[in-house]
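K.L.:
Let me give you the structure first, and then I'll get to my questions.
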Amino acid sequence: MNGGLVAWDDAKVHVGAHGLHYGTGVFEGIRAYETPAGTAVFRLREHLERLARSAQLVSLTLPYSVDEVRAGILELVAANGLPECYIRPIAFSGAGALGVAPCGNPVEVAVLSWPWGAYLGDQGLTQGIRATISTWKRVGANTIPHAAKATGIYLNSMLAVVEAQRAGYDEAILLTDAGYVADGSGENVFVIKTAGSRRRRSRARSFPGSPETR
Ligand SMILES: Cc1ncc(COP(=O)(O)O)c(C=O)c1O
């Protein structure tokens, strides 16, 4: 935390932190995996380069270089000694002025790490999950620069997943304003098109009265 190793219980943030009030923060979600060569962090540099781009997009000046954060993360993973772990670097506008514009507030940088299994549960990996299309639209590019992985944007994701879970689903899929698939509340969406799915589509086309036959 801000350059030093801090015990979990002592890693505290001031209630006046600007990021707490206005969501002025950026973060990454990174994983380290057990490999025959020891614990390995997946695409660490790329994640940290994205963190730096996210910070730039929301006008946060990071007090550390990508190399410095990278060294800190490797030190943290080694210190924790977990064979596999989740790694969450976060940079946010700290305590100071509480106007909406963060005037000279210090930018705090912390990296949390803990064991975290499959995001949607082990059963989800083998049996799939139930997802629903959210009534909440993904925040548009002209609303917040959503290429930035910014903390404040996640209010949008939180609303979507809470709505989905209340309706009995595991996850929400958010659409853009134009109705295209954007992403899940906490993950990307990939589609696998198979020969089978083409066959199913052609059966649908020949169904009497279906719009595709007109
Ligand atoms: C809203 C959202 N979309 C997509 C992703 C996938 O991120 P990545 O680009 O790191 O795979 C995440 C992961 O945190 C997410 O929270």
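Every read-out reported here was derived from the displayed coordinates using simple, explicitly stated rules and does not represent laboratory data. Everything quoted here is computed from the prediction, not taken from an experiment. Counting neighbours? That spans all protein chains shown, and the Cβs are built from the backbone with ideal geometry, glycine included.
K.L.:
Taking only Cα atoms, what is the 0 to 90° angle, nearest 10, from helix 66-80's long axis to the longest principal axis of the chain?
P.N.:
It works out to around 90 degrees.
K.L.:
Under 26 Å between alpha carbons, and skipping anything fewer than 8 positions from Lys137 in its own chain: which lysines qualify?
P.N.:
Within the straight-line cut-off, Lys137 pairs with Lys149, Lys193.
K.L.:
Once you have a ≥ b ≥ c as the square roots of the Cα gyration tensor eigenvalues for region 8-114, tell me rounded if a/c is under 1.5, and otherwise prolate or oblate according to whether a/b is larger than b/c.
P.N.:
Prolate, because a/c is 1.5 or more and a/b exceeds b/c.
K.L.:
Pairing the Cα long axis of helix 154-166 with the longest principal axis of the chain, what angle in degrees results, from 0 to 90 and rounded to the nearest 10?
P.N.:
Roughly 50 degrees, rounded to the nearest 10.
K.L.:
Right, another one. Taking every DSSP beta bridge that has both residues in the chain, what percent is antiparallel when rounded to the nearest 5?
P.N.:
The antiparallel proportion sits near 90 percent.
K.L.:
What do the square roots of 5 times the Cα gyration tensor eigenvalues come to for the chain, in whole Å, largest first, as semi-axes of the equivalent ellipsoid?
P.N.:
Semi-axes (√(5λ), whole Å): 37, 24, 15.
K.L.:
Testing the spin-label approximation: label points 7 Å from Cα along Cα→Cβ at Lys193 and Val6. State their distance in nm.
P.N.:
5.0 nm
K.L.:
Here is a follow-up. Charges only on Cβ, +1 for Lys and Arg, -1 for Asp and Glu: so what's the dipole of the chain about the Cα centre, in debye to the nearest 20?
P.N.:
1420 debye
K.L.:
Using packing as a proxy for protection, rank 145-154, 171-180, 113-122 so that the peptide with the highest average count of other Cβ atoms within 10 Å comes first.
P.N.:
145-154, 171-180, 113-122
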